[in-house]
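Below is one structure, written out as structure tokens, with a few remarks after it.
The values are calculated or read from the model by the stated rules, or taken from the named source; none is laboratory data. Computed from a prediction, not measured in an experiment: that's the story for all the values here. Neighbour counts are summed over all protein chains in view; Cβ atoms, including those assigned to glycine, are modelled from backbone coordinates with ideal geometry. Heavy atoms of the whole protein, side chains included, go into the accessibility calculation; ligands, DNA and RNA do not. Shrake-Rupley method; radii C 1.70, N 1.55, O 1.52, S 1.80 Å.
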Amino acid sequence: ILISEGPSKVQELLGRMGQRMAAQYETQLAGLSSNERATKLTELLNAKGILTEVKFEPGGIVFHEYNCPYYELARENRAICDMEEDMIASAVRQPVELVSCTLDGHHGCQFRIEA
């Protein structure tokens, strides 16, 4: 169904989904700093079976998902990767950039959150 709507509609729908997912975490993340939000989001995703790790580096935060929660869907449409990026950005309230992706042969997906 989504594919027949066109790329911009798919992007819009997935963007809204990412925002809704981040909103589901908001009660557990409220009142926390960006670093604390990233740490807590890692715990919440791990509890859902998404093996996630966060590292704090001088240039920013590296958020690593070792298993893609949407791998089969992402193989069909890479806009799923943008959705996950948007969800993380909304959850930590900082800009996020996907820097490596499972679909490109990497071991998991890495997102960089600027310091």
- Task: Using amide H atoms built 1.01 Å from N in the peptide plane, name the residues 5+ places from GLY108, or on other chains, whose amide H lies under 5 Å from its own.
- Result: THR102
- Query: So what is the relative contact order of the chain, in percent, for Cα pairs below 8 Å that sit 6 or more residues apart?
  - Reply: 27 percent
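Beyond 19 Å, what share of the Cα-Cα pairs of the chain remains, rounded to the nearest whole percent?
Details: 2815 of 6555 pairs.
Cα-Cα pairs in the chain separated by more than 19 Å: 43 percent.
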- Using Cα positions and a limit of under 14 Å, work out the aspartates and glutamates in reach of LYS9, with same-chain residues fewer than 8 apart set aside. ASP82
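In Å², and per residue, what accessible area does the chain have when probed at 1.4 Å with the other protein chains present? Can you show the working numbers first?
Working: 6500 Å² over 115 residues.
Value returned for the chain: 56 Å² of accessible area per residue.
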- Query: When the chain is fully extended, how far beyond the present Cα-Cα distance does ASN35 get from GLU72, taking 0.36 nm per residue of separation?
  - Reply: 10.3 nm
- Message: Charges at C-beta only: +1 for Lys and Arg, -1 for Asp and Glu. How large is the resulting dipole of the chain about its Cα centre, in Debye rounded to 20?
- Response: 220 debye
- Query: Ignoring ligands, DNA and RNA, what percent of the accessible area of the chain is carbon or sulfur (1.4 Å)?
  - Reply: 53 percent
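Using the per-residue mean of other Cβ atoms lying within 10 Å as a proxy for protection, in what order, highest first, do the peptides 48-56, 14-22 fall? Please list the in-between numbers first.
On the way: 48-56: 14.1, 14-22: 16.2.
Put in order of decreasing packing, that is 14-22, 48-56.
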- Out of PRO69, GLN28, VAL96 - ranked by how far each Cα lies towards the positive end of the dipole of the chain, with unit charges on the beta-carbon of charged residues - the top one is GLN28
